[in-house]
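Take a look at the following structure, please.
The values are calculated or read from the model by the stated rules, or taken from the named source; none is laboratory data. All values derive from a computational prediction rather than experimental measurement. Backbone-built Cβ (ideal geometry, glycine too); neighbour counts: all protein chains shown. Ligands, DNA and RNA are excluded from the accessible area calculation, which covers all protein heavy atoms including side chains. Shrake-Rupley method; radii C 1.70, N 1.55, O 1.52, S 1.80 Å.
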Amino acid sequence: MFYQTTIKTEREGFYELTEKVNDFVQKSGITEGICVIYTPHTTAAVTINENADATVQADLLLGLRKAFPFWQDFRHSEGNSPAHLKASAIGSSVTVIIHEGHLLLGTWQGIYLCEFDGPRERQCYVKIIAG
Ligand code: ZN
């Protein structure tokens, strides 16, 4: 099964997809399998992290800004090389196991689209495979 969703981002940040992906799993009717969540962008990423305390997402952004600052030496003319670096570091997809009809996420885990260069309109593709 293949699904897609569009996320309109306002700025750099984490946009939770967990509920949407859960809806896709329910809609698919697949109770045992694999779910791949993928974003086809070069300055956005997908990750799994804590969704209980929003300060975790704020700290992740802070840490990424410190780890990937803007350097005058960058050559990319668009001027958003830090966003490209962050997207590559985080990655463009995650895979979650589906067991007994549910995503096997931990209690505090949520699935996020990470925007590093908003505002943009982002696509997220979800592939659900039985097995
Ligand atoms: Zn660029």
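Applying 1/(1 + (r/R0)^6) with R0 = 35 Å to the Cβ-Cβ distance of residue 95 and residue 74, what FRET efficiency is obtained, to the nearest 0.05?
On the way: r = 32 Å, r/R0 = 0.90.
Efficiency computed from Cβ-Cβ geometry: 0.65.
Same structure, new question: Which order do you get for 93, 81 if you rank them by accessible area with a 1.4 Å probe, largest at the top?
93, 81
Given only helices, namely DSSP H runs of n ≥ 4 each adding -39500 (n - 2.57), what is the per-residue ellipticity at 222 nm of the chain, to the nearest 500 deg cm²/dmol?
Numbers: 3 runs with 35 residues, N = 131.
Calculated from helices alone, the mean residue ellipticity at 222 nm is -8000 deg cm²/dmol.
Moving on to the next point. Quick one: net charge around residue 1, please, counting Lys, Arg +1 and Asp, Glu -1 for every other residue with C-beta under 13 Å from its C-beta. Don't skip to the answer; put the middle values down first.
Details: positive: 27, 127; negative: 23.
That works out to +1.
Treating only the Cβ atoms of Lys and Arg (+1) and Asp and Glu (-1) as charged, compute the dipole magnitude of the chain about its Cα centre; round to the nearest 20 debye. Walk me through the intermediate numbers first.
Working: 11 positive and 15 negative charges, 68 e Å.
My answer is approximately 320 debye.
Which Cα, out of 123, 29, 56, lies furthest along the positive dipole direction of the chain (beta carbon charges, K/R +1, D/E -1)?
Farthest along the dipole direction, towards plus: 123.
Which order do 41, 99 take when ranked by solvent-accessible area (1.4 Å probe, heavy atoms of all protein chains), largest first? Walk me through the intermediate numbers first.
Working: 41 45, 99 75 Å².
Listed by decreasing accessible area, they come as 99, 41.
Related question: Students sometimes get this wrong: rank 23, 117, 73 by accessible area, probe 1.4 Å, all chains present, largest first.
On the way: 23 80, 117 35, 73 130 Å².
In descending accessible area the options line up as 73, 23, 117.
Moving on to the next point. If you count only protein heavy atoms and use a 1.4 Å probe, how large is the accessible surface of residue 15, to the nearest 10 Å²?
Accessible area of residue 15: about 50 Å².
Starting from the Cα of residue 10, move 7 Å in the Cα-to-Cβ direction to define the label point; list residues of the range 116-131 whose amide nitrogen is under 14 Å from there.
Counting backbone N atoms under 14 Å from the label point, the list is 118-120.
Right, another one. So, in Å, what gap is there between the alpha-carbon centers of the range 93-131 and the range 14-77?
Taking the Cα centre of each part, the range 93-131 and the range 14-77 sit 8 Å apart.
With the cut-off at 20 Å, report for the chain the share of all Cα pairs above it, as a whole percent. If you can, show how the numbers build up before the last one.
Values: 3895 of 8515 pairs.
Above the 20 Å cut-off, the chain has 46 percent of its Cα pairs.
Give the total of Lys-Lys pairs in the chain with Cα-Cα distances below 17 Å; include a pair only if its members are 8 or more places apart or on different chains.
Numbers: 8/20; 20/127; 27/127; 66/86.
Total qualifying Lys-Lys pairs in the chain comes to 4.
Using a basic spin-label model with each label point 7 Å from the Cα along Cα→Cβ, how many nm lie between residue 129 and residue 105?
2.2 nm
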